[in-house]
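The structure under discussion appears below in the form of structure tokens.
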Amino acid sequence: MSIEMTLQRERSRRSVASSDAGTSARAAAQVRTEPSTVRIAIIATAMIFLGVFVVLPLVMVFAQAFSRGMTAYLAALAEPEALSAIRLTLLVALISVSLNMVFGLVAAWAIAKFKFSGKTILITLIDLPFSVSPVISGMVFVLLFGAQGYFGSWLQSHDIQILFAVPGIALATTFVTFPFVARALIPLMQEQGTQEEEAAISLGASGLQTFFRVTLPNIKWGVLYGVLLCNARAMGEFGAVSVVSGHIRGETNTMPLVVEILYNEYQFVAAFAIASLLAMLALITLIAKALLERHLDEGKLSDDH
Amino acid sequence: MTIEVKNLVKRFGAFAALDGVDLRVADGELLALLGPSGSGKTTLLRIIAGLDWPDSGEVSFDGENALARGAGERHVGFVFQHYALFRHMSVFENVAFGLRVQPRAVRKDEAAIRARVKQLLELVQLDWLADRYPNQLSGGQRQRIALARALAIEPRILLLDEPFGALDAKVRKELRKWLRNLHHEINVTSIFVTHDQEEALEVANRVVVMDKGRIEQIGTPGEVYDRPATAFVHGFIGESIVLPVVVDDGAVRLNGARIDIAPEGELSGPSQLYVRRHDLLIEPAGSGALRGEVVQVRSFGPVQRAEVALAEGATAIEIDVPRERDLHPGEMVGLTPRRYRIFAA
């Protein structure tokens with residue numbers, strides 16, 4: 001709206017200034033912007049595409065979930081199977097997000113603040129979980145910990161259950177979501193450099209004091225940003241978890257897995273009720289992400305000298 | 001606190017940042033490390049602070065080995081080139097940082113910390129900025145807060161890396177004078193790094209001129225300006241005219257023509273004659289060691305700058321002449337260097 005008005009003002013100012021007012025001003029406007037029909041067509045295409053491919057499916061999820069009314073929706077969520085899936089998903093997300101927060105911080109710290117050989121290899125490796133299909137990530141853990149796997153017989157003889165249990169699901173999820181925190185922190189920490197840490201150390205601060213009083217406050221928004229995305233992916237992960245979970249009902253099914261099972265059994269309301277929870281998580285994540293990005297931008301702006 | 005550096009060597013890969021540096025700094029001195037970028041001056045400063053470690057050599061404070069201690073245990077105040085203020089802390093907390101991170105046994109109580117910070121902010125004349133954040137300060141204010149923060153730990157040595165590097169010309173001049181006065185007031189052994197010769201000569205008691213990881217000359221500002229030890233120092237400090245000459249058998253020749261000046265020492269063969277712009281005196285045409293024709297005259301400031309094409313044909317040179325001397329383009333003049341140095345090429 002305001003851009004439109006400035007353009008208008010700009011045009012009228014020009015038309016007054018020019019000797020041959022009307023025609024030349026219009027010509028100038030023609031040269032400077034696309035014809036309004038083109039503009040409308042482009043915007044409409046974008047909006048329609050977004051509507052059909054993003055908004056409509058989201059609305060459909062909620063429409064299906066509530067198609068038999070609120071009572072049926074709540075009843076579907078109160079099923080023991082659904083409750084156990086929600087509990088397991090939260091537990092797995094908690095484990096993998098905490099692990100990845102620590103790993104991500106350490107990796108980003110190493111890459112941003114130290115010089116060592118093999119650094120480029122490390123940066124490339126961090127992205128590996130993103131470039132590999134989640135199914136393959138899951139298969140790797142089957143190969144390692146399965147009955148026929150490398151550690152399989154050892155684990156069996158010591159009665160340790162990894163595959164088809166919480167540890168396996170947490171491991172697979174952690175692997176798939178590893179890059180988020182590190183990716184969010186590396187550019188931030190590289191940009192901030194090491195001078196503030198050096199200043200803290202020369203003022204007599206210990207390593208821990210430097211980390212908690214100087215480094216962490218400077219990257220806290222970046223950490224939150226990474227944790228948020230990591231959490232969204234951890235709760236929604238399907239492929240890798242599907243391979244290692246074993247689909248034991250009420251025990252090793254996470255929310256995405258339960259959605260698939262219920263759907264295959266034609267229990268649409270129940271399937272979409274759980275799907276709607278994941279959709280809400282996505283919406284909350286989006287809003288939180290937008291807020292955090294504003295904080296991150298402020299951090300960068302305030303920083304230029 | 002005296003500082004002694006012996007045969008310090010530091011390499012980054014094949015590049016020798018410090019190539020055998022020896023230096024003694026007396027108690028209470030204000031010393032400048034002057035040199036072009038890549039001369040090793042910042043590396044030397046960082047090693048003294050404990051932020052970098054040498055490959056070999058010794059650093060001692062008052063005769064005690066400093067390399068055995070980490071940066072935090074050396075009681076050295078370090079002011080970074082870009083200040084490195086903690087961006088998420090207020091000015092007050094920035095200055096208080098060094099006091100708050102002290103071990104519990106020696107840490108001051110809150111009231112004492114507040115009093116000390118207030119006193120430091122008054123010292124740098126910025127007590128009214130205590131609640132601001134670094135991004136709300138001007139460059140000169142950040143610089144002074146960084147200094148107050150470094151002084152909070154009562155350092156035995158104060159090190160400043162390009163303290164005026166990121167400031168505009170006017171603020172820079174003010175801060176120079178202010179730093180000199182402050183040093184006079186607190187009298188802590190201080191070293192600052194600069195690539196600006198004017199800054200070094202104006203502020204420091206003694207100047208260390210460095211190039212390519214080595215010390216070229218150590219002396220008072222007057223000494224390094226008037227008696228440069230090497231061709232590098234002569235060329236780096238003050239503006240110099242350099243003429244390629246050949247010395248043989250006690251005669252100095254420029255393009256084959258003999259110049260009427262005495263060579264120094266035992267020099268012989270291709271050499272370089274260094275003269276400062278204001279040390280070439282104008283003589284009537286036909287006299288003087290060199291002859292030339294005035295090409296152009298520009299007047300500004302206390303002097304006028306004349307471009308003279310030398311009759312010996314080497315090159316056109318620019319000299320500084322007092323305003324009283326009336327010069328015109330096309331005029332033939334003689335030139336005599338009142339002070340000069342000849343270095344082997």
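Would you mention how many residues in the stretch B:1-45 are of a type in the set (Lys, Arg) and crowded, with 21+ Cβ neighbours inside 10 Å? I'd like the intermediate steps shown before the answer.
Keep residues of the stretch B:1-45 that are of a type in the set (Lys, Arg), which gives B:6, B:10-11, B:24, B:41.
Retained after the next criterion (residues that are crowded, with 21+ Cβ neighbours inside 10 Å): B:10, B:41.
Residues flagged as of a type in the set (Lys, Arg) and crowded, with 21+ Cβ neighbours inside 10 Å within the stretch B:1-45 amount to 2.
Could you list, ordered by first residue, the pairs with Cβ atoms under 9 Å in which the first is in the stretch A:205-228 and under 25 Å from A:Phe180 (Cβ atoms) and the second is basic (Lys, Arg) and at pLDDT 90 or above, at least 6 apart or interchain?
From residues that are under 25 Å from A:Phe180 (Cβ atoms), the pairs are A:Pro217/B:Arg87; A:Asn218/B:Arg87; A:Gly226/A:Arg183.
For the stretch B:81-134, enumerate the residues that are without any contact (Cβ under 8 Å) to a residue 12 or more places away in the chain, buried (at least 16 other Cβ atoms within 10 Å of the Cβ) and of a type in the set (A, V, I, L, M, F, W, C).
B:Val101
Quick check: is even one residue across the stretch B:173-190 within 14 Å of chain A (Cβ to nearest Cβ) and not hydroxyl-bearing (Ser, Thr, Tyr)? Let's see the steps before the verdict.
From the stretch B:173-190, those within 14 Å of chain A (Cβ to nearest Cβ) are none; that's our starting set.
Within the stretch B:173-190 (the criterion being within 14 Å of chain A (Cβ to nearest Cβ) and not hydroxyl-bearing (Ser, Thr, Tyr)), the answer is no, since none of the residues qualifies.
Test B:Ala262 against the criterion of being in contact with a Pro (Cβ under 6 Å, 6 or more places away or on another chain) and surrounded by fewer than 18 Cβ atoms within 10 Å (Cβ to Cβ), and give yes or no. I'd like the intermediate steps shown before the answer.
Working: in contact with a Pro (Cβ under 6 Å, 6 or more places away or on another chain): no; surrounded by fewer than 18 Cβ atoms within 10 Å (Cβ to Cβ): yes.
Spelling it out, it is not the case that B:Ala262 is in contact with a Pro (Cβ under 6 Å, 6 or more places away or on another chain) and surrounded by fewer than 18 Cβ atoms within 10 Å (Cβ to Cβ).
Does B:Leu126 satisfy the condition of being more than 12 Å from every other protein chain (Cβ to nearest Cβ) and either closer than 26 Å to A:Ile219 by Cβ or out of contact with any Cys (no Cβ under 7 Å at 6 or more places or on another chain) (or both)?
On the way: more than 12 Å from every other protein chain (Cβ to nearest Cβ): yes; either closer than 26 Å to A:Ile219 by Cβ or out of contact with any Cys (no Cβ under 7 Å at 6 or more places or on another chain) (or both): yes.
The answer is yes for B:Leu126.
In the stretch B:51-61, is there at least one residue being under 30 Å from B:Tyr133 (Cβ atoms) and either in contact with an Asp or Glu (Cβ under 9 Å, 6 or more places away or on another chain) or surrounded by fewer than 16 Cβ atoms within 10 Å (Cβ to Cβ) (or both)?
Within the stretch B:51-61, one or more residues are under 30 Å from B:Tyr133 (Cβ atoms) and either in contact with an Asp or Glu (Cβ under 9 Å, 6 or more places away or on another chain) or surrounded by fewer than 16 Cβ atoms within 10 Å (Cβ to Cβ) (or both).
Does B:Val171 meet the test of being of a type outside the set (Ser, Thr, Tyr) and surrounded by 23 or more Cβ atoms within 10 Å (Cβ to Cβ)?
Details: of a type outside the set (Ser, Thr, Tyr): yes; surrounded by 23 or more Cβ atoms within 10 Å (Cβ to Cβ): no.
So B:Val171 does not fit the description; no.
Among the residues of the stretch A:79-130, which ones are part of a loop (DSSP other than H, G, I, E, B) and not charged (D, E, K, R)? Explain how you work it out, then say what you get.
Step one: filter the stretch A:79-130 for residues part of a loop (DSSP other than H, G, I, E, B), giving A:79, A:114-118, A:127.
Within the stretch A:79-130, A:Phe114, A:Phe116, A:Ser117, A:Gly118 meet the criteria.
Tell me, which helices (runs of 4 or more DSSP H) wholly within the stretch B:44-160 include 3 or more residues that are charged (D, E, K, R)? Talk me through it step by step, then tell me what you get.
Details: elements: B:91-100, B:110-123, B:139-151.
The helices (runs of 4 or more DSSP H) meeting that bar are B:110-123, B:139-151.
Evaluate the following for B:Glu174: is it under 17 Å from B:Gly77 (Cβ atoms) and more than 15 Å from the chain's Cα centre (by Cα)? Break it down into steps so the answer makes sense when it comes.
Numbers: under 17 Å from B:Gly77 (Cβ atoms): no; more than 15 Å from the chain's Cα centre (by Cα): yes.
Spelling it out, it is not the case that B:Glu174 is under 17 Å from B:Gly77 (Cβ atoms) and more than 15 Å from the chain's Cα centre (by Cα).
Which of the helices (runs of 4 or more DSSP H) contained wholly in the stretch A:134-248 include at least 3 residues that are within 14 Å of chain B (Cβ to nearest Cβ)?
On the way: elements: A:134-145, A:152-157, A:166-177, A:179-192, A:195-202, A:207-210, A:216-236, A:239-245.
Result: A:179-192, A:195-202, A:207-210, A:216-236.
Just to be sure, is B:Arg114 within 9 Å of chain A (Cβ to nearest Cβ), touching a Phe, Trp or Tyr at 6+ places or on another chain (Cβ under 9 Å) and more than 20 Å from A:Thr215 (Cα to Cα)?
no
Among the listed residues A:Ala85, A:Ala78, A:Ala93, A:Ala112, identify the single one that is surrounded by 12 or more Cβ atoms within 10 Å (Cβ to Cβ) and more than 17 Å from A:Leu281 (Cα to Cα). Don't jump to the end; show me each part of the working.
Details: A:Ala85 fails: more than 17 Å from A:Leu281 (Cα to Cα); A:Ala78 fails: surrounded by 12 or more Cβ atoms within 10 Å (Cβ to Cβ); A:Ala93 fails: more than 17 Å from A:Leu281 (Cα to Cα).
Step by step, each of A:Ala85, A:Ala78, A:Ala93, A:Ala112 is checked, and only A:Ala112 is surrounded by 12 or more Cβ atoms within 10 Å (Cβ to Cβ) and more than 17 Å from A:Leu281 (Cα to Cα).
Residues B:Leu34, B:Leu51: which one is of a type outside the set (Asp, Glu) and either within 13 Å of chain A (Cβ to nearest Cβ) or more than 16 Å from the chain's Cα centre (by Cα) (or both)?
Working: B:Leu34 fails: either within 13 Å of chain A (Cβ to nearest Cβ) or more than 16 Å from the chain's Cα centre (by Cα) (or both).
Sole residue among the options that is of a type outside the set (Asp, Glu) and either within 13 Å of chain A (Cβ to nearest Cβ) or more than 16 Å from the chain's Cα centre (by Cα) (or both): B:Leu51.
Output the number of the condition that B:Ile261 fails; it satisfies all remaining conditions of (1) touching a His at 6+ places or on another chain (Cβ under 9 Å); (2) under 18 Å from B:Gly334 (Cβ atoms); (3) not hydroxyl-bearing (Ser, Thr, Tyr).
In the conditions (1) touching a His at 6+ places or on another chain (Cβ under 9 Å); (2) under 18 Å from B:Gly334 (Cβ atoms); (3) not hydroxyl-bearing (Ser, Thr, Tyr), B:Ile261 misses (1) alone.
Just checking, does the stretch A:254-263 include any residue being outside any helix (DSSP H, G or I), more than 14 Å from every other protein chain (Cβ to nearest Cβ) and surrounded by 15 or more Cβ atoms within 10 Å (Cβ to Cβ)?
Taking the stretch A:254-263 first, the residues outside any helix (DSSP H, G or I) are A:254.
Cutting the leftovers down to more than 14 Å from every other protein chain (Cβ to nearest Cβ) gives us A:254.
Those still in the list that are surrounded by 15 or more Cβ atoms within 10 Å (Cβ to Cβ) too: A:254.
Within the stretch A:254-263, one or more residues are outside any helix (DSSP H, G or I), more than 14 Å from every other protein chain (Cβ to nearest Cβ) and surrounded by 15 or more Cβ atoms within 10 Å (Cβ to Cβ).
The values are calculated or read from the model by the stated rules, or taken from the named source; none is laboratory data. For clarity, every value in this text was computed on a predicted model and none was experimentally measured. As a convention, Cβ positions derive from the backbone with ideal geometry for all residues, glycine included, and neighbour counts pool all protein chains shown.
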